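Below: one structure, written as structure tokens.
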Amino acid sequence: MEGELKFLEAERDTLVTASRTKERTDESIATSTVITQDQIRRMGARTLSDALRIVPGIGITQTEFGIGAIDVRGVRTSFSDKVLMLLNGHPLDQDMANPGSTWVYDDLAVDTIKRIEVVRGSASALYGANAMMAVINIITQDAKDTHGVRASAGYGNYDTQQYRLSAGQQFDNGEAVVHFNYRGTNGLPRNAGGTQRAVTGPESRYDLEWQLGYEGFKLDGRYIGKRLDPYVSPFDLNAVTQNSQYDNYFLRLSRDWTVREDLSLSTQLYYDSFDSSYTGTAGAGSRLNPLIASWGGGSNDSRTGGEVQANYRVSRNNSLIGGVALAREAYDNPSYRQTVPYNPDFNIKATSSDMSRTRWSVYLQDMWEVWHSLHLSLGARYDHYSDFGGTFNPRMGFNWEFVRDYSLKFSYGTAYRAPVLGEMDPYTNVLAIGNPNLDPEREQTFETGLVAHPLRGLTTQAVYFHSRIADMIDAVRYCPAPGACPKSEVFPNFKRYENQGTLVTDGVEWEGRYDFQGADHGSYLLANYTYQNPLLNGQTAPDVPHSRVNLIANWRFDRHWNGFANLLYNGAVAGDSSVSPASPDLGSYALLNLSVLNQGQLVNGLDMGLTVYNLLGKQYADPGDFSVPGRIFYGHMSLRF
């Protein structure tokens, strides 16, 4: 058991996402957090969003679309499009109608996750589009990790059910692993929270992942089919019925080649697909009461591409990482319709021609160990799109252990968010008109921090950050000609995507962790605090708190029993006056979550856990005044064969 605990500690000390090669977190120029499989299991997390809540600088809330929003360092959008999500290094921003990845990955089941690497700050120099505020790399279990058959099941409030079945095996010349997950829930009652509006309705999702290896080649991919029925419509109306269906998958063929001792190549070809469709009606209980509106639409999106990356060790202390990439993005069969019987001016049925674009990229990063205590990194990437042109993004930084166990780090970088094809489509949705002349959003971040190990078992880190995002893309009121736009209290005007607005955020992240030694090895205390001051066009940005605190105690009672407690504090949030109706200011709140885990006491390989979320039943709401569950119980068991 002692050896296993030391191995799990070592898992937290390395990462690959910060530089696209394996390195120690203490030597990286980036601010990062690694969440291991063991941490996920002990905290009783159900989904990816649950696990991310403990990361400094990150907040998780619900949006008007019934999906989770990931805010980072005070930057929050409905689609979390300033965050790049990866699955085993593969980008998941595959929706060409709307930016971001949270449509299907916000509630990803965690049972098959091996580790989550979260890197804050600009990273377009390595990953290209959308790597602005953070990169979240979800690394799943391979055949060696699975090694046999594993099954798990969970059940909680609102008829929430979760099932997983995995099988993996290594062979002399290859390996194979398959993971299947199912998750279903009835969602919150419509009247949850009294006067607050429930947004998370019934949901079901099927998730199949595979990794197949033979003679050095690897074929991996993932399919997710998700049906989501939120209670709030795209018009901010209480929907009588709303059905959203998302079908997302990718296939990737890759291989690593050793050219010589100091030079290796990584090659890959891939195909991504994202299909979306939605329908809905609003009537009694909506702001159109008692009249009825209906709507629907969708698109079929895809990305096809390839990449070659070279890792060259120039000397013992110097490494180069470079690569080229090519991709074609397609936005096919876009459609939108709406019917408002009481006013034919609002009746719309629109389609547009298929759209596509190509992108080619080249990047290079130079990593130097000047001497044992000083690590330098310098890199840049150029991406060229066939529609809006090119963008160049550098990154540089150092990590200097100026005194033993005390390190100073600094980094500067720029990043961008490319407009998706749906935002550039001028025909399909006339209430949110696309703009073919959009430019990419541009961001720059610098941060500096101190990492210290003052005592055995104690690690602490303090980071100051400053980020600026310009040319932000948003749908703003628009009318092609005076008097040409319908007026009403429900639809005040058409909207069109434009580059407008600047967001500046700065603040401090602090985190400390103490791991007990000796007989209490495996127990730890953790605390983190984030202060963030986001200003949108010079005014306090809505929907994000200035302060957020996590206090965590994990106690390993013996080799079978473990207890986990998490106190999460979120500061007050300013409402958004730019939407109609304006969302209210929200007060601060604190939540207490408890989890108990038993490992292998009854049957070898059988783990059983019980988690209570919001133990004290705190009533609160997410930005937009959307209801959040009260006290929730969730039981979980897993079995290794």
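The values are calculated or read from the model by the stated rules, or taken from the named source; none is laboratory data. All of these numbers come straight from a predicted model, not from anything done at the bench. Cβ sites come from the backbone with ideal geometry, for glycine too, and all protein chains shown count toward neighbours. SASA here: full protein model, heavy atoms, side chains in, ligands and nucleic acids out. Shrake-Rupley method; radii C 1.70, N 1.55, O 1.52, S 1.80 Å.
Worth pointing out:
- Of the trypsin sites (Lys or Arg not before Pro) found in the range 595-641, those in coil by DSSP whose Cβ has at most 16 other Cβ atoms within 10 Å are Lys618, Arg631.
- Cα extents for the range 403-482 along the principal axes, largest to smallest and rounded to whole angstrom: 68, 21, 21.
- The chain - percent of accessible surface contributed by carbon and sulfur, probe 1.4 Å: 57
- When the range 1-640 is described by a simple charge dipole with +1 on each Lys and Arg Cβ and -1 on each Asp and Glu Cβ, the residue from Val104, Val149, Tyr524 located farthest towards its positive end is Tyr524.
- Here's the list of lysines a cross-link from Lys349 could span, going by alpha-carbon distance under 24 Å and ignoring same-chain residues fewer than 8 apart: Lys487, Lys495.
- Semi-axis lengths, Å, the chain, gyration tensor of Cα atoms, sqrt of 5 times eigenvalues: 38, 30, 25
- Helical mean residue ellipticity (222 nm; -39500 (n - 2.57) per DSSP H run of 4+; nearest 500) of the chain: -1500 deg cm²/dmol
- Kirkwood Rh, angstrom, the range 522-584 [1 / mean 1/r, Cα pairs]: 14.4
- Gain upon complete extension [Val314, Gln169; 0.36 nm per residue less C-alpha separation]: 48.5 nm
- C-alpha long axis of helix 2-12 to longest principal axis of the chain, angle in °: 50
- With a Förster radius of 30 Å applied to the C-beta separation of Ser356 and Asp474, the computed FRET efficiency comes to 0.75.
- The length gained by stretching the chain between Leu212 and Ala582 to full extension, at 0.36 nm per residue less their Cα-Cα distance, is 128.1 nm.
- Across the range 515-529, rounded Karplus estimates of 3J(HN,Hα) from the backbone phi angles (6.51 cos²θ - 1.76 cosθ + 1.60, θ = phi - 60°) give 9, 5, 10, x, 5, 9, 4, x, 9, 7, 10, 9, 9, 9, 9 Hz, Gly and Pro being marked x.
- Using a probe of 1.4 Å, the accessible surface attributed to Asp26 totals some 50 Å² when neighbouring protein chains are kept in position.
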